[in-house]
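Chemist: Attaching a single structure in structure tokens format; questions to follow.
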Number of protein chains: 2
Amino acid sequence: MANFLKTLSFLILLSFFPPTLSSPRPSRLHRSPKHAPRFLGKFSCSNYTGPLGAPSYRYETRYFDQDLDHFSFSDLPKFRQRYLINTEHWEGPDQLGPIFFYCGNEGDIEWFAANTGFVWELAPRFRAMIIFPEHRYYGESMPYGSGEEAYKNATTLAHLTAEQALADFAVLITELKRNLSAQACPVVLFGGSYGEVRNSCIQCDEKIFVIVRFIKFLHQTVLAAWMRLKYPHLAIGALASSAPILQFEDLVPPETFYDIVSNDFRRESVSCFNTIKDSWDVIESEGQKSSGLSYLTETFRFCKKLESADDLSNWLSSAYSYLGMGNYPYPADFLMPMPGNPIKEVCRKIDNCPNGTSILQRIFKELVFITIIQELSTALIWMMILMACTEMVMPMSSSKKSSMFPAYNYNYTSDEEWCLENYHVKPRPTWITTEFGGHGFKNALKTFGSNIIFSNGLLDPWSGGSVLEDISETIVALVTEKGAHHLDLRPATAEDPDWLIEQRAAEVKLIQGWLDEYFDRKRAVFDM
Amino acid sequence: MANFLKTLSFLILLSFFPPTLSSPRPSRLHRSPKHAPRFLGKFSCSNYTGPLGAPSYRYETRYFDQDLDHFSFSDLPKFRQRYLINTEHWEGPDQLGPIFFYCGNEGDIEWFAANTGFVWELAPRFRAMIIFPEHRYYGESMPYGSGEEAYKNATTLAHLTAEQALADFAVLITELKRNLSAQACPVVLFGGSYGEVRNSCIQCDEKIFVIVRFIKFLHQTVLAAWMRLKYPHLAIGALASSAPILQFEDLVPPETFYDIVSNDFRRESVSCFNTIKDSWDVIESEGQKSSGLSYLTETFRFCKKLESADDLSNWLSSAYSYLGMGNYPYPADFLMPMPGNPIKEVCRKIDNCPNGTSILQRIFKELVFITIIQELSTALIWMMILMACTEMVMPMSSSKKSSMFPAYNYNYTSDEEWCLENYHVKPRPTWITTEFGGHGFKNALKTFGSNIIFSNGLLDPWSGGSVLEDISETIVALVTEKGAHHLDLRPATAEDPDWLIEQRAAEVKLIQGWLDEYFDRKRAVFDM
């Protein structure tokens, strides 16, 4: 159940337009649904361009020719990397105006720009330039000229790795600074994650179809931290919000993620937690009945008949995990619009049903308010799984004892078999820790590192794989008890609680400190 | 003249077995000379297996399957990386016995093992394990199963880059430690360079044919330093001997290298310096005479007729540079056996000719004592140039004013054209500084780095591109006025001058400090 690959593959299978997993070659990047939406409901989002109520930010869109392979000299075509740039507040090179560089994650960069209000709000204060580069293989930054070509097969996708993306950033920073005669300007890195692709929405009559896609968050959140580690000479510091850099191999217990989600529910309501915990057996036994799958499909209003009870369990597990990540204190638009404290809301609905309401009905009730109807491009899902089948191997189990989820023991071997069978690639489960650090990593950072903020909210299930305590004077952890997934990077709102305001203020102070130190050093050299 | 590519290509052309530069596909790794040596002289070395008088070191030879491309998931075959291992002095995992890891440079690893006496001498003292891994594409560590296949063309050689070699080391360290349950054992990195391929020797009757190959030293010396920078979590420190990490782009003046060689000669004898400085015009005007090239060929006893006077100048320039690198205080075997203080010897020969000796005769005299006759495998030379045509782009000029060399202004554009025409690859001249640090690099190291010894001898022409002053308390420069190219890594000898003994003692003390600090930290955790 908690098996990422199976969960993801299920989501694909559940899609209206399932790719052929045994030969996964999505034919187009942005496919038109075969079944066009007949009715766009309240939360439909086919024309959706940004978070609700978010200010629109101004930028210029530019392109940069990147090498597809930075680490080898194969004869491969270059590709155009898109980046967004805003210089209206920039002090310019003579005044050593800072450059705020967002490490674009997997998805359309305009979406990230729209969702990272903190950077936009900070720039005028620091008189900084803003750069939002797009991650290769996403948005418009397609190798081989188009998404169709780039996503064709495992070979054309071979260069979709974190190391190549970091090298793209390194080259872009360097060339951009050279181009602007801004070599001496300090760069500050930002990293976080939000929903990535612009949602295209479908609604299937009155039925509900939600795709939850948390695997997307595996990779993208760690880029700023990794960038600081691998290219310390290119930036003076990094704000790495919700970066699960320890969620690999056996660095943290594999149960961490699901245990945190479970605790998020338990702290709101023990009965809610128990209802969910009890629901799996009900679902399973229902699935074993003769018309059980039809009944479950009907009860949960799926457009397409469930193939197994596990499919429903996987889908629900994803939904709960998603709620944990987006468990913000005010209404927000994290992939989909949600009320404030969504877990509280969900539990209220589960708990407040009339006596006699069945577990399945209670579970369904909670989902009604997440009526946003989404569809992930199957090509994108396919890419996400490919990444989990190559280097982004994150072991995850769920414990029947400590979590509300069905028990699942991570089994690398079966995942490897699945990847070989379906994607014809063999994962490298120990590569990320070899490249970016494993056990002893914190000690190495202590002696060989500086200027990183690891910010985390403890409600965020990814926080368990991040850095939650200061490593040194300059590698610090900012932890909020009530925060969820990189809430700090979102635009400020009138509803921001005090602890969030304080967290952001601490970040600003630290960034200011990095810059002051940099300017002092420059001044000292100049005065010599 | 000072143009590396032209110098190197000249050396190839001068070889008995010139590859076709327009289609450079050496057919075998270790070719047999078409003209077998008819006479092996005093310094012949066809059975030569190590430095003169060097002790033989004991090790086991093992192999490890490496991914050819660590940064992408192309469907490429793995290759067998060879490594040498000695555990006889190792304290073992329970005692946290250290691991001394030599970052193998380009060449047969057995040769490096034989030439890095310092590591062998140090290991018993620290009760350390010794690992000498071989660099990919050299020795027995051939992708695609054989040198013949690996060297076939630019595509099969595409993965010959420093980043891939470093990743090989990272994976090998990690897997080896895991395999030995030695995850907690501290790793110390060593890097230096010596002659790489076992010399195969030819002698052409009474004529002299020397190939000097200093471009080899560009890459190999920097691996330990780069390894420390990119994989700080895998080792506790690095001794980077003679590592010209700043010899890229415009980080140091392009004249640095040749100016240092020139000063090496000037400090021995101004008249010698002037003779060499005057010789270029004589060579050039001789070359313009009707039978001038025949005369030069005859005078310098080349086996094959010179095609231009520049060929001779290039060759002489290389020889002088080589003397600068190998300018050791005692007789040594740095690529070829040489007397102690070879520049002093050369200048003595140049200066002590009878009155009336022509400049050309004086120049030739100096070369007589370097009668070692070498041949570099053309496949290896071709690889070296390929590296200079891909990422190892080091701008080098020579100034008529400050050096004894003919004036040459580095011209990237013409080098690029040459590479495109002959190798069908476009160099990436700014990649190395982007990846490993450029301007501001020292400041970055200061805040984001620790435990590196940059050791240099000021006679070494590569010292100008290295780090010659302390960057922080733990990133220190050990500079000796009279040292040449990584003399410190050679085995101790009875003739070692005091300053060399002191330099090595300082290195030992620093390494001891890293280890003590590591053990203290481990002990603190254990005591908690």
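Chemist: Residues that are open to solvent by 10 Å² or more (accessible area, probe 1.4 Å) and within 11 Å of another protein chain (Cβ to nearest Cβ): does region A:451-462 have at least one?
Modeler: yes
Chemist: What is the one condition in (1) of a type in the set (Ser, Thr, Tyr); (2) at pLDDT below 95; (3) surrounded by fewer than 23 Cβ atoms within 10 Å (Cβ to Cβ) that residue B:242 does not satisfy?
Modeler: (3)
Yes/no matrix, rows are residues, columns are (1) assigned to a helix (DSSP H, G or I); (2) modelled with pLDDT of 90 or more; (3) open to solvent by less than 10 Å² (accessible area, probe 1.4 Å):
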site: A:360; (1), (2), (3): yes, no, yes
site: A:365; (1), (2), (3): yes, no, no
site: A:392; (1), (2), (3): no, no, yes
site: A:402; (1), (2), (3): no, yes, no
site: A:406; (1), (2), (3): no, yes, no
site: A:410; (1), (2), (3): no, yes, no
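Chemist: Return the pair list, or none, for Cβ contacts closer than 8 Å from residues in region A:58-75 that are away from chain B (no Cβ under 14 Å) to residues that are buried (at least 21 other Cβ atoms within 10 Å of the Cβ) and not in a strand (DSSP E or B), at least 6 apart or on different chains.
Modeler: Going by the 8 Å Cβ cut-off, the qualifying pairs are A:59/A:113.
Chemist: When you check residue B:131 against the structure, is it aliphatic (A, V, I, L, M) and within 14 Å of chain A (Cβ to nearest Cβ), yes or no? Walk me through it before giving the result.
Modeler: Values: aliphatic (A, V, I, L, M): yes; within 14 Å of chain A (Cβ to nearest Cβ): no.
So residue B:131 does not fit the description; no.
Chemist: Please enumerate the residues belonging to region B:416-448 that are open to solvent by less than 20 Å² (accessible area, probe 1.4 Å) and part of a loop (DSSP other than H, G, I, E, B).
Modeler: Within region B:416-448, B:425, B:427, B:437, B:448 qualify.
Chemist: I would also like to ask the following. Quick one: residue A:71 ticks every box in (1) surrounded by fewer than 15 Cβ atoms within 10 Å (Cβ to Cβ); (2) in a loop (DSSP other than H, G, I, E, B); (3) at pLDDT 95 or above bar one, so which box is it?
Modeler: (1)
Chemist: OK, next. For residue B:224, indicate whether it is away from chain A (no Cβ under 14 Å), within 30 Å of residue A:441 (Cβ to Cβ) and open to solvent by less than 10 Å² (accessible area, probe 1.4 Å).
Modeler: Values: away from chain A (no Cβ under 14 Å): yes; within 30 Å of residue A:441 (Cβ to Cβ): yes; open to solvent by less than 10 Å² (accessible area, probe 1.4 Å): yes.
Answer is yes for this residue.
For (1) open to solvent by 10 Å² or more (accessible area, probe 1.4 Å); (2) within 14 Å of chain A (Cβ to nearest Cβ); (3) out of contact with any helix residue (DSSP H, G or I) (no Cβ under 7 Å at 6 or more places or on another chain), each residue gets a yes or a no:
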| residue | (1), (2), (3) |
| --- | --- |
| B:106 | no, no, no |
| B:113 | no, no, yes |
| B:123 | no, no, yes |
| B:154 | yes, yes, no |
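Chemist: Among the numbered criteria (1) outside any loop (DSSP other than H, G, I, E, B); (2) within 14 Å of another protein chain (Cβ to nearest Cβ), which one does residue A:118 miss?
Modeler: (2)
Chemist: Take region A:135-180 and flag every residue that is β-branched (Val, Ile, Thr), touching a residue at least 12 places away in the same chain (Cβ under 8 Å) and assigned to a loop (DSSP other than H, G, I, E, B). Reasoning before the result, please.
Modeler: To start, the set of residues in region A:135-180 that are β-branched (Val, Ile, Thr) comprises A:155-156, A:161, A:171, A:173-174.
Narrowing the set further to residues that are touching a residue at least 12 places away in the same chain (Cβ under 8 Å) leaves A:156, A:161, A:171, A:173-174.
Passing the criteria: A:156, A:161.
Chemist: Does residue A:141 meet the test of being among the polar types (S, T, N, Q), open to solvent by 10 Å² or more (accessible area, probe 1.4 Å) and at pLDDT 90 or above?
Modeler: Details: among the polar types (S, T, N, Q): yes; open to solvent by 10 Å² or more (accessible area, probe 1.4 Å): no; at pLDDT 90 or above: yes.
Considered against the rule, which asks whether it is among the polar types (S, T, N, Q), open to solvent by 10 Å² or more (accessible area, probe 1.4 Å) and at pLDDT 90 or above, residue A:141 comes out as no.
Chemist: Somewhere in region B:172-188, is a residue within 24 Å of the chain's Cα centre (by Cα), facing chain A (nearest Cβ under 10 Å), modelled with pLDDT of 90 or more and closer than 27 Å to residue B:237 by Cβ?
Modeler: The answer is yes, given that some residue of region B:172-188 is within 24 Å of the chain's Cα centre (by Cα), facing chain A (nearest Cβ under 10 Å), modelled with pLDDT of 90 or more and closer than 27 Å to residue B:237 by Cβ.
Chemist: Among the candidates B:420, B:445, which residue alone is in contact with a Gly (Cβ under 8 Å, 6 or more places away or on another chain), on the phi < 0 side of the Ramachandran plot, at pLDDT below 95 and within 14 Å of another protein chain (Cβ to nearest Cβ)? Talk me through it step by step, then tell me what you get.
Modeler: Numbers: B:420 fails: in contact with a Gly (Cβ under 8 Å, 6 or more places away or on another chain).
Among B:420, B:445, only B:445 is in contact with a Gly (Cβ under 8 Å, 6 or more places away or on another chain), on the phi < 0 side of the Ramachandran plot, at pLDDT below 95 and within 14 Å of another protein chain (Cβ to nearest Cβ).
Chemist: Given the conditions (1) of a type in the set (Val, Ile, Thr); (2) within 23 Å of residue A:521 (Cα to Cα); (3) in contact with a strand residue (DSSP E or B) (Cβ under 8 Å, 6 or more places away or on another chain), which single one is not true for residue B:447?
Modeler: The failed condition is (3).
Chemist: Just checking, does region A:261-283 include any residue being open to solvent by less than 10 Å² (accessible area, probe 1.4 Å) and free of Cβ contacts under 8 Å to residues at least 60 places away in the same chain?
Modeler: No, the conditions are met nowhere in region A:261-283.
The values are calculated or read from the model by the stated rules, or taken from the named source; none is laboratory data. Everything numeric here is computed off the predicted structure, so don't read it as measured data. Here Cβ is always computed from backbone atoms with ideal geometry, including for glycine, and neighbour counts include all displayed protein chains. SASA here: full protein model, heavy atoms, side chains in, ligands and nucleic acids out. Shrake-Rupley method; radii C 1.70, N 1.55, O 1.52, S 1.80 Å.
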